[in-house]
Number of protein chains: 4
Amino acid sequence: MSGNSFGQTFKITTCGESHGGAVGVIIDGCPSGISITETEIQYELDRRKPGQSKITTPRAESDIIHILSGVFDGVTTGTPILLLAYNKDARSEDYDELKKVFRPSHADYTYLKKYGLRDYRGSGRASARETLARVASGAIAKKYLKKKLGIEIISYVEQVGKIKTDIDYKNVTINDVEANIIRCPDSSIANKMIDFIDEVKQSGDSIGGVIKCIIKNVPSGLGEPVFDKLHADLGKAMLSINAVKGFEIGSGFAGVELLGSVHNDPFMLVDNKVRTKTNHAGGILGGISNGEDIYFRVAFKSVSTINKLQSTLNLNNEEVELRAEGRHDPCVLPRAVPIVDAMAALVVIDHYLRQNSYA
Amino acid sequence: MSGNSFGQTFKITTCGESHGGAVGVIIDGCPSGISITETEIQYELDRRKPGQSKITTPRAESDIIHILSGVFDGVTTGTPILLLAYNKDARSEDYDELKKVFRPSHADYTYLKKYGLRDYRGSGRASARETLARVASGAIAKKYLKKKLGIEIISYVEQVGKIKTDIDYKNVTINDVEANIIRCPDSSIANKMIDFIDEVKQSGDSIGGVIKCIIKNVPSGLGEPVFDKLHADLGKAMLSINAVKGFEIGSGFAGVELLGSVHNDPFMLVDNKVRTKTNHAGGILGGISNGEDIYFRVAFKSVSTINKLQSTLNLNNEEVELRAEGRHDPCVLPRAVPIVDAMAALVVIDHYLRQNSYA
Amino acid sequence: MSGNSFGQTFKITTCGESHGGAVGVIIDGCPSGISITETEIQYELDRRKPGQSKITTPRAESDIIHILSGVFDGVTTGTPILLLAYNKDARSEDYDELKKVFRPSHADYTYLKKYGLRDYRGSGRASARETLARVASGAIAKKYLKKKLGIEIISYVEQVGKIKTDIDYKNVTINDVEANIIRCPDSSIANKMIDFIDEVKQSGDSIGGVIKCIIKNVPSGLGEPVFDKLHADLGKAMLSINAVKGFEIGSGFAGVELLGSVHNDPFMLVDNKVRTKTNHAGGILGGISNGEDIYFRVAFKSVSTINKLQSTLNLNNEEVELRAEGRHDPCVLPRAVPIVDAMAALVVIDHYLRQNSYA
Amino acid sequence: MSGNSFGQTFKITTCGESHGGAVGVIIDGCPSGISITETEIQYELDRRKPGQSKITTPRAESDIIHILSGVFDGVTTGTPILLLAYNKDARSEDYDELKKVFRPSHADYTYLKKYGLRDYRGSGRASARETLARVASGAIAKKYLKKKLGIEIISYVEQVGKIKTDIDYKNVTINDVEANIIRCPDSSIANKMIDFIDEVKQSGDSIGGVIKCIIKNVPSGLGEPVFDKLHADLGKAMLSINAVKGFEIGSGFAGVELLGSVHNDPFMLVDNKVRTKTNHAGGILGGISNGEDIYFRVAFKSVSTINKLQSTLNLNNEEVELRAEGRHDPCVLPRAVPIVDAMAALVVIDHYLRQNSYA
């Protein structure tokens, strides 16, 4: 039983490896009547694409999205939507080196153990290129949520290495995020992050960081106890992204130190609406949205591919030395922002449609 | 589409609320031929039950487990297993107070918004009593994993409030964990935790903490990219437990500060086995187990029920003052240890059986 | 991956074997706010129960239904509903004979091959006693459909052996069906059926037949192409019932002989509603309900348990002679009517809630 | 919740409508290590393609299959396989006529009711062109079953209109089936069928028929009680094919007339193997394969598109006259044979891998 589908109502099934014919996704369960164009999807893909700035990998991948089914006259028909981006031709010979070696902290070894063989070209299915399909399908989800429910999803880079902004998420706009190449809405911190990444890149190394995501205007009532709690599905969605090592919602790990009397969010009436005075919960109570802002943090480790000499094993279990020659991202964070956006959108639309099913 | 099932091969579906007739679970997909007794399941339930020590709620709940199907002559038959614990009779009148008010940080408000009505007796389905079904089914999973694959799952309390042990998880045994009532294997820290919880309890307050879980001897190859990665499913499992606000695997949030050259875990040969020198990954690469110890941390917030006066709203949106009269846990951590164990077991057995399906 | 769940939104998971502790079902996804009592469920169970007439098995099984969760103050809460009927104590020794032999056309042999062991008491999980859980959960579905949408489900016995009624289904009422013990609304044919079954019973044999089911007032739009077509799910539901060997919708097998110009159902306007002149389709076009009556036929083979001497093999592959001693149904048809009703209700409510999920 | 996926372990998700960009399928869960080429898949597609003989539609559709992911060096990698056939360009204007009218017995009306809008070009998603994706994915399943388990699947046309062969299925080979354009292994009956279809075609009409399918060498133990019984899933698979109105396994509808003492299949020992003397069961007992031949019959109604004048309604509910101008199949049976093959293969591989999951 493989695991390439996500969602139950707005269900995506993705396919494609780094160097096959294409990366794609079928969306099954997208409501009919949503107007969507390739251009709108392309906008999100361009936020994710390689080569967009000096701090991302210089690889030039086109990533042109094609809608091949499920949309008629610019509108979704309710039937499955196939989105596809063809891969550039690549010579398999370029990967002869990787064929025989287990790169440290890559999935080479585990894919071989799991499947008995592996597509060694550019990490195969374990390549982050796979996230393209998430962003493409997430773009449709995002549009639907925005248009139908006014839901806004804003992710940004909060931390790179030890450099961290303490900006209040409530004031961050999507324009602030897109104002710089690191996608940190705090411009002075952003510059420090960029400089640091540049430095890390020069040394052939890589670095991790944290992305914060805010989802505004989610109606109360979304989330399915006791297992498919809204934050549990958000957590799974985020942890399924390459390089993610942690997820926390609301007060998160720091919140464990707070006494109940401090952590509890008292209800109150604001403009005749039930609200909470504080929001340590992060917008979710008992696994169900309460109408407050949903916010969470996602930890990304440093990229495994580095331009430094590393020792490892080859297929014959011999110790070898390895230096990656390929161009890589010194820090995935700026390109990961639209991926976090997309996965958040996919979880929220799925739970919105699930909630709908109750008569 | 409700969300009361977990797992795809070893699939559990739970039912029961705080004050209905029973809390139960059907396990569908348990392999045949496993010997299991009510006593073995009861052992795990007793680790979770209320009233087991001075730092847990003094409520006396019996939680006697019954096997009602799927087991014949002491052995599983491959057909669905029904496990049930009957609830004690409770007078609904005892809950008249809670009927009209939204307790802060409880799920009263969101359940009402989601379902249009709610069972207000003892939190209804949102009660932590629901986790009883998880522990009962997890007990069977744990036994299977231990007997068939030698897999060991050890969870313990690492942190309560700001009190934290830095004990090396590699040396912790299940006996160390069970040596004290807080289930922290570091005895001096354990005493500090207990004293602190006692103090919190006296003041009518509550406190959170962190549980660490280690899973040893997991064979390499478990986990289903790209969405059902092993740690993504572990994360979802943990985040679905009441009061959990965060999950991190391996290096987690702290790891984002490490350079790739430091974070990468080089492969090496030990006793003719492929191992990694370090284990920042936490035993999982590309979503698939690599044979190293899997370890992760789970953040629990303080319990919402406190014996302090709180302001909130009632059903008429009027501001009211509330003081919980019921007996509650000042800190859920010690009772949450077997729940974390159980959910970890449920994830691992599910992925083991999923991996099996490949011919 | 076991198969004891049915439905995706109104999802039932059943458990229990002939001689375990209980037969039960968890319904996950039942909408909140439906009033339901044990009495209402019991009514349907009583239509299915053994010993209800001279042409059913004289075994006296109580089959008292208990609601153990998910209902509060007589109303569903949206949380999982556990329905349970406890089994009567049975001495395992009574089944020593069956322990060592494969009864012809029973599932003894295949269960052993599949699971490596088997619960030989009264057919274990393969017992038709399992259908009790279907009828119990179907009773809630039926009530919902009737109350919310005015949907009526009427099944009746159309054929026993070669005795067949050609009554027009449009005129059949539930009272006609319940007017006699064979549940055939054509009273003169009913008497012939009863006499024939009586005769078959005297000879220690068994006989099959056909049940016709009509579902009225289904709104147009239900059914999920291309695999979960409404009639495909109805077909699966029926074929999953013990002893069922065939399913046909609308014109069915006889319809293959009709030319397209005859088989096509022209649209026309009746009382300002879009209707079809004929209904060879059986109320479903392209897998989606069109608002006409849905009708289908279900073929039940004769019961495998007979009071005649049969040759077969035992566990040691030795040829042995076998004569069933237990009391059995000479014809399952009258007791299968409420099962067909229930499964039809479960399919329709599931598709209604699935259709709802589209925003 | 849409329904474009089939299978749980070998799970296919299909997409594409008659006149979109492409028809495709993602297979998730295909075991790794299976050698497969586009040529092998194309062979099955060519059996299904239009224009292959004088009794199929003269439409020339290319249906060239492309493998776009999941296969590396000619071998499956265990990752999702994307198969795609691009559609020929078609001018939407050609369908202006169909835009405004509900064709009798087509899905025009129900799609509009379900989705609120519809892709009216060539039946959109309801087009039988969708089955291309089934045949393509089924080709991989068929190869796997044949190579790994020696399973053979042979479908053939048993009946067209009232013309029927009573050939014994046991003697039919795939060569016999492919020996003529109607795919009936009884050559004299085949000729009668062909002549009759020719006649029907000349009159602008259409006709239905029955396909019989045999699955040989299925190991005992496949099938998942109590809902996912092997024949229940076969039934659903067949009923999900366009134009199918009935399914019967083993003795089927005719079998209901047999007494239990006749219908029961006694076990006996043949060549030291447990076999049954007769096979009224059709190779499945209690929903689980018993090692005997599985055989079933599938009823296809006549094609809805005919070249005769029909009365129907348009979008404004006005009565109109309609004569289909497009080229159509006078009888789908010969082209449906590979579709039945494919769906049978998909069910069997799915259940084989499900059974595998039990440790």
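The values are calculated or read from the model by the stated rules, or taken from the named source; none is laboratory data. Note that the structure is predicted; figures quoted are calculated from it, not measured. In this analysis, Cβ positions are derived from the backbone assuming ideal geometry, glycine residues included, and neighbour counts consider all displayed protein chains.
Numbers for the structure displayed
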| read-out | value |
| --- | --- |
| Selection count where residues are among the polar types (S, T, N, Q), under 13 Å from B:T79 (Cβ atoms) and crowded, with 24+ Cβ neighbours inside 10 Å, scope region C:115-138 | 1 |
| Residue in region A:267-282 that is closer than 23 Å to A:C331 by Cα and not hydroxyl-bearing (S, T, Y) present | no |
| Selected residue (criterion: farthest from C:F10 (Cα to Cα)) from residues of region C:142-165 that are more than 13 Å from every other protein chain (Cβ to nearest Cβ) and more than 18 Å from the chain's Cα centre (by Cα) | C:T165 |
| Which listed residue is within 18 Å of D:G21 (Cβ to Cβ) and surrounded by fewer than 22 Cβ atoms within 10 Å (Cβ to Cβ), from A:T13, A:T39 | A:T39 |
| Residue check for B:R275: surrounded by fewer than 19 Cβ atoms within 10 Å (Cβ to Cβ), under 30 Å from B:Y95 (Cβ atoms) and out of contact with any helix residue (DSSP H, G or I) (no Cβ under 8 Å at 6 or more places or on another chain) | no |
| Test: residue in region C:166-183 that is within 14 Å of chain D (Cβ to nearest Cβ), under 30 Å from C:G7 (Cα atoms) and either surrounded by fewer than 19 Cβ atoms within 10 Å (Cβ to Cβ) or in contact with a Lys or Arg (Cβ under 8 Å, 6 or more places away or on another chain) (or both) | no |
| Enumeration of residues in region C:253-303 that are assigned to a loop (DSSP other than H, G, I, E, B) and touching a Pro at 6+ places or on another chain (Cβ under 9 Å) | C:N264, C:D265, C:P266, C:K277, C:T278, C:G286, C:G287, C:G291, C:S302, C:V303 |
| Test set (1) without any contact (Cβ under 8 Å) to a residue 40 or more places away in the chain; (2) buried (at least 22 other Cβ atoms within 10 Å of the Cβ); (3) within 28 Å of A:F10 (Cα to Cα); (4) out of contact with any helix residue (DSSP H, G or I) (no Cβ under 6 Å at 6 or more places or on another chain) - A:A190 fails condition number | (3) |
| Subset of region B:307-336 that is touching a residue at least 24 places away in the same chain (Cβ under 8 Å) and charged (D, E, K, R) - its residue that is surrounded by the fewest Cβ atoms within 10 Å (Cβ to Cβ) | B:E325 |
| Checklist (1) on the phi > 0 side of the Ramachandran plot; (2) more than 14 Å from chain C (Cβ to nearest Cβ); (3) crowded, with 23+ Cβ neighbours inside 10 Å applied to D:S69, failing item | (1) |
| Matching residues in region B:114-126 - criterion: being touching a strand residue (DSSP E or B) at 6+ places or on another chain (Cβ under 9 Å) and either of a type in the set (D, E) or outside any helix (DSSP H, G or I) (or both) | B:L117, B:R118, B:D119, B:Y120 |
| Pick from region D:214-227, criterion buried (at least 24 other Cβ atoms within 10 Å of the Cβ), in contact (Cβ under 8 Å) with a residue 12 or more places away in the chain and farther than 22 Å from C:G209 by Cβ, ranking: nearest to the other protein chains (Cβ to nearest Cβ) | D:E224 |
| Selection within region A:192-244 - more than 21 Å from A:S137 (Cβ to Cβ), more than 14 Å from the chain's Cα centre (by Cα) and β-branched (V, I, T) | A:I194, A:I197, A:V200, A:I207, A:V226 |
| Residues within region C:239-266 that are within 24 Å of C:P334 (Cβ to Cβ) and either within 7 Å of chain D (Cβ to nearest Cβ) or touching a Gly at 6+ places or on another chain (Cβ under 6 Å) (or both), tallied | 8 |
| Pair list, Cβ under 6 Å, 6 or more apart: region A:228-243 residue free of Cβ contacts under 8 Å to residues at least 12 places away in the same chain, other residue crowded, with 24+ Cβ neighbours inside 10 Å | A:K236/B:A232; A:K236/B:G235; A:K236/B:K236; A:L239/A:F247; A:L239/B:H231; A:L239/B:A232; A:L239/B:G235 |
| Members of region A:110-146 that are hydroxyl-bearing (S, T, Y) and free of Cβ contacts under 8 Å to residues at least 12 places away in the same chain | A:T110, A:Y115 |
| Residue match in region B:337-354 (condition: assigned to a loop (DSSP other than H, G, I, E, B), touching a residue at least 12 places away in the same chain (Cβ under 8 Å) and not polar (S, T, N, Q)) | no |
| Test: residue in region C:237-254 that is farther than 28 Å from D:H263 by Cα, of a type in the set (V, I, T) and touching a helix residue (DSSP H, G or I) at 6+ places or on another chain (Cβ under 9 Å) | no |
| C:K113 being more than 19 Å from C:R59 (Cβ to Cβ), within 13 Å of chain D (Cβ to nearest Cβ) and either out of contact with any Cys (no Cβ under 9 Å at 6 or more places or on another chain) or basic (K, R) (or both) | yes |
| In region A:205-252, the residues that are in a loop (DSSP other than H, G, I, E, B) and under 19 Å from A:A299 (Cα atoms) | A:D205, A:S206, A:I207, A:G208, A:S240, A:I241, A:N242, A:A243, A:G250, A:S251, A:G252 |
| Positions within region D:104-155 being under 20 Å from D:A324 (Cα atoms) and acidic (D, E), in sequence order | D:D108, D:D119 |
| Candidate set from region B:184-204 (those that are within 24 Å of A:S251 (Cα to Cα) and not in a helix (DSSP H, G or I)); member that is modelled with the highest pLDDT | B:C184 |
